[in-house]
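Colleague: I am attaching a structure below and will ask some questions about it afterwards.
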Amino acid sequence: MKKTLLIVAHQPSPNTQNMVAACVDGTAAAETDDVLVSVIAPLECQPEQLLAADAVIIITTENLGYMAGATKDWFDRIYYPVLELKQGLPYALVIRAGLDGTGTQRAVASICTGLRWNLAQPVLLCKGDWQDTFSDQCFELGQYMAGGLDLGMF
Ligand SMILES: Cc1cc2nc3c(=O)[nH]c(=O)nc-3n(C[C@H](O)[C@H](O)[C@H](O)COP(=O)(O)O)c2cc1C
């Protein structure tokens, strides 16, 4: 049966766009026949899309010590519609932070604990000046999530 991996990505800059593209490339490199991957901006993502997902990758920037407002808006809108229906959902989190990232990591962990989602991969915090290795790490994360979903690892 086909499974869906949803990537909810806030990508306001060339660097973050590069990270998201690398993550998507990674999912393709997993060479799964049965995992459908879709990328959507948080402001466009409705609860129904999450209800149809078997795993989610959240990619967000840190702004003003917290997740991007668009990402928070997404959590605000999906929280109660999915709360009872998506417990155990495997998720991964990628943060692009110019300086820090801890505020975003803490806040997302708290919300996802409330949702009873399962962190499937250590949080990927891409912090500080841009490094090309960030994209490599995003690629690996996408590959792991797609491959893991395909193999029923989570
Ligand atoms: C208004 C604003 C607030 C920001 N606040 C933070 C912050 O609190 N912590 C942090 O680590 N980075 C902060 N940043 C940096 C962004 O996280 C970073 O610019 C963004 O992830 C895009 O990365 P890039 O510059 O490599 O494209 C902020 C950026 C903007 C525009």
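Nothing in this text is a laboratory measurement; each read-out follows from the coordinates by a stated rule. As the structure is a computational prediction, the values presented were derived from the model and not from experiment. Methodologically, a virtual Cβ is constructed for each residue, glycine included, from the backbone with ideal geometry; neighbour enumeration extends over all protein chains shown.
Colleague: How about segment 48-87: which of its residues are within 19 Å of residue 10 (Cβ to Cβ), of a type in the set (D, E, K, R) and surrounded by fewer than 16 Cβ atoms within 10 Å (Cβ to Cβ)?
Modeller: Of everything in segment 48-87, those that are within 19 Å of residue 10 (Cβ to Cβ), of a type in the set (D, E, K, R) and surrounded by fewer than 16 Cβ atoms within 10 Å (Cβ to Cβ) turn out to be 73, 76.
Colleague: Residue 152 versus (1) surrounded by fewer than 12 Cβ atoms within 10 Å (Cβ to Cβ); (2) closer than 22 Å to residue 63 by Cβ: which is the lone unmet condition?
Modeller: (2)
Colleague: I need the full set of residues from segment 32-47 which are surrounded by 18 or more Cβ atoms within 10 Å (Cβ to Cβ), touching a Leu at 6+ places or on another chain (Cβ under 9 Å) and not hydrophobic (A, V, I, L, M, F, W, C), in order please.
Modeller: 32
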